[in-house]
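Written out below as structure tokens is the structure these notes cover.
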Amino acid sequence: MLEKFIFYFDRFHNNRKAEEKAKETFKSIGNTFQRLHDEMKYDTSELQFLIDSGEFLIQARKNLKYTYVYGFFLDGEKQQKEKDLFEFNQAYF
């Protein structure tokens, strides 16, 4: 049981760190957005993808982080189909 906990906790923790890094990067995107608008005269509608992609990345990291909590609580014997689907999704998505 301890090995299982450590396995899932490590992955949860690594994704938490990745989420925090994405949030830090998102702050710099705002500066880049403003610089491109002010200095290069890009329209804000042309640069909106920077904000959208940053927000999407943060949400994706958060979702991935919590999949490891779900995975930890799956009971392998009683919920084998759910566990198989979970492991497939973790491997390929």
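Between 0 and 90 degrees, the angle of helix 2-39 with respect to the longest Cα principal axis of the chain falls at about 10 degrees.
Using unit Cβ charges (K, R positive; D, E negative) and no other charged atoms, how large, in debye to the nearest 20, is the dipole of the chain about its Cα centre? Let's see the in-between values first.
Values: 15 positive and 16 negative charges, 55 e Å.
So the dipole magnitude of the chain works out to roughly 260 debye.
So what is the relative contact order for the chain, in percent, with contacts set as C-alpha pairs under 8 Å and at least six apart?
Values: 48 pairs, mean separation 36.9, N = 93.
Answer for the chain is 40 percent.
Put a dot 7 Å past the Cα of PHE73, heading toward its Cβ, do the same for GLU24, and the two dots end up 3.1 nm apart. Relative to the longest principal axis of the Cα atoms of the chain, helix 44-73 runs at roughly 10 degrees. Straight-line reach from LYS78: taking Cα to Cα under 18 Å and skipping same-chain neighbours fewer than 8 places apart, the lysines in range are LYS4. Taking Cα atoms only, the orientation of helix 80-92 departs from the longest principal axis of the chain by about 30 degrees.
Annotation: lysines with alpha-carbon distance below 24 angstrom to LYS23 (same-chain offsets under eight excluded): LYS62, LYS65. Against the empirical 2.2 N^0.38 Å (N residues), the chain has a Cα radius of gyration ratio of 1.50. Remark: the chain carries 79 Å² of accessible area per residue (probe radius 1.4 Å; ligands, DNA and RNA excluded). A simple spin-label model places the labels of LYS83 and ASN31 4.7 nm from each other, with each point 7 Å out along Cα-to-Cβ.
The values are calculated or read from the model by the stated rules, or taken from the named source; none is laboratory data. This is a predicted model, so every value here is computed, not measured. Glycine gets a Cβ as well: all are built from the backbone with ideal geometry, and neighbour counts include every protein chain shown. In case anyone asks, the SASA skips ligands and DNA or RNA and just uses the protein heavy atoms, side chains included. Shrake-Rupley method; radii C 1.70, N 1.55, O 1.52, S 1.80 Å.
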